Amino acid sequence: MAEKPKKIHRFQIGLNVVVQIGLLIFLALMVNYLGFEHYRRWDFSREQKYALSDKTKRMLDLLKGKMRITVFFSPNTPITNDVQSLLTEYQYAAKGKIDVEHIDPERGGTKRSRPRKWRRLIKAGWRWVKVRV
């Protein structure tokens with residue numbers, strides 16, 4: 001005599017699928033939560049191009065108030081992305097104490113009026129800082 005085929009328990013299979021989907025959603029939410037709470041940045045470039053030195057990190061930790069960095073930089077230069085990435089690292093390491101403003105010196109006004117704008121900024125207390133790149 002042939003054996004009876006096993007009965008399919010559709011309710012158990014459906015419940016199993018619902019539990020698995022619920023666990024998957026819970027796992028995704030936990031990974032997302034932990035990613036936001038314990039965010040880390042790593043520099044995997046060969047030259048450690050975007051890694052800040054320990055001295056720089058200590059200096060940024062010593063900042064007492066907010067610092068504003070205004071960058072007069074043309075977006076057409078080949079190192080624009082590197083400069084922006086470095087400033088982003090400064091902002092991250094300073095834990096919100098640094099604000100960065102990007103100003104394109106080639107936009108706004110004529111070539112003749114630009115030096116006047118810069119002179120006004122210097123009179124207002126701004127100073128030029130030469131950065132070797």
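The values are calculated or read from the model by the stated rules, or taken from the named source; none is laboratory data. These figures come from a predicted structure and were not determined experimentally. Glycine gets a Cβ as well: all are built from the backbone with ideal geometry, and neighbour counts include every protein chain shown.
Collect the residues in segment 1-54 that are outside any loop (DSSP other than H, G, I, E, B) and among the polar types (S, T, N, Q), keeping them in residue-number order.
GLN12, ASN16, GLN20, ASN32
Has segment 59-67 got any residue that is surrounded by 15 or more Cβ atoms within 10 Å (Cβ to Cβ) and of a type outside the set (D, E, K, R)?
Scanning segment 59-67, I find at least one residue that is surrounded by 15 or more Cβ atoms within 10 Å (Cβ to Cβ) and of a type outside the set (D, E, K, R), so the answer is yes.
Are any of the residues in segment 57-79 within 30 Å of GLY125 (Cα to Cα), among the hydroxyl-bearing types (Ser, Thr, Tyr) and modelled with pLDDT of 85 or more?
Scanning segment 57-79 turns up no residue that is within 30 Å of GLY125 (Cα to Cα), among the hydroxyl-bearing types (Ser, Thr, Tyr) and modelled with pLDDT of 85 or more.
Sort out which residues of segment 32-54 are more than 15 Å from LEU86 (Cα to Cα) and loosely packed, with under 10 Cβ neighbours inside 10 Å, and write them in order of number. Before you say what the answer is, go through the steps one by one.
Of segment 32-54, the ones more than 15 Å from LEU86 (Cα to Cα) are 32-40, 46.
Once the filter is applied, which keeps residues that are more than 15 Å from LEU86 (Cα to Cα) and loosely packed, with under 10 Cβ neighbours inside 10 Å, segment 32-54 yields PHE36, GLU37, HIS38, TYR39, ARG40, ARG46.
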